[in-house]
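This report concerns only the one structure given below.
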Amino acid sequence: MEQRDYLLNEARKMALLLAKLMGLKTESSEEEYQQYFNQILHDEYNTELDELLGLSEADFNSKLKERAYSAEKLNALSQMLYVFAEPFNADDETASILKKIMILFDELEVQHQYESFDNLNKRNHIYSFFKNYYV
């Protein structure tokens with residue numbers, strides 16, 4: 001019972017963080033948004049945006065496996081990175097972020113047997129992005 005309560009609290013906390021991030025992205029300055037984004041990454045994942053963006057896909061995947069995040073944390077990170085990548089510009093930074101999101105989705109599906117319609121929809125948008133800009 002305690003485990004379930006803990007997971008529900010974590011999911012609620014991540015949902016609130018995501019909602020605030022999305023609000024800041026649309027209503028605030030880019031600087032304020034990035035500061036909050038980095039604060040969440042530091043507090044919840046012990047990392048920073050520049051570090052995540054600088055990792056190769058292989059290093060990013062290794063880091064995820066090493067840290068063994070819960071499905072809730074992996075899903076929240078994928079959602080945060082997806083929001084950060086929007087709008088999808090045809091550049092190397094966006095492509096790198098989207099590849100990392102795909103790694104997160106794969107990790108969720110394979111290691112945690114976690115799938116959602118939202119993630120499947122986002123996966124399809126990412127596939128379309130690569131099909132349109134990187135064929």
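Structural remarks
- Ordered by the count of other Cβ atoms within 10 Å of each Cβ, fewest first, Thr47, Thr26 give Thr26, Thr47.
- Residue order, fewest to most surrounding Cβ atoms within 10 angstrom, among Met22, Met80: Met22, Met80
- Relative contact order of the stretch 2-133, pairs being alpha-carbon contacts under 8 Å that are 6 or more residues apart, as %: 22 percent
- Positive-end extreme of charge dipole, the chain - chosen from Asn89, Ala71, Leu120 (charges on Cβ): Leu120
- Of the DSSP H helices in the chain, those whose Cα atoms cover at least 20 Å axially and whose Kyte score averages -1.0 or more: 2-27, 71-85, 92-112
- The sum of -39500 (n - 2.57) across all DSSP H runs of n ≥ 4, divided by the residue count of the chain, sets its helix-only mean residue ellipticity at 222 nm to -27500 deg cm²/dmol.
- Residues Lys13, Lys100, Lys73, sorted so that the one with the fewest Cβ neighbours within 10 Å comes first: Lys13, Lys73, Lys100
- Extension gain, His125-Ser56: 0.36 nm per intervening residue step, less the Cα-Cα distance, totals 22.7 nm.
- When the P(r) is computed for the stretch 2-133, the part past 22 Å accounts for 35% of the Cα-Cα pairs.
Each reported figure results from applying straightforward, stated rules to the coordinates on display, with no laboratory input. Here the structure is a predicted model, which means the values were calculated and not measured. Note that we place each Cβ from the backbone using ideal geometry, even for glycine, and neighbour counts take in every protein chain shown.
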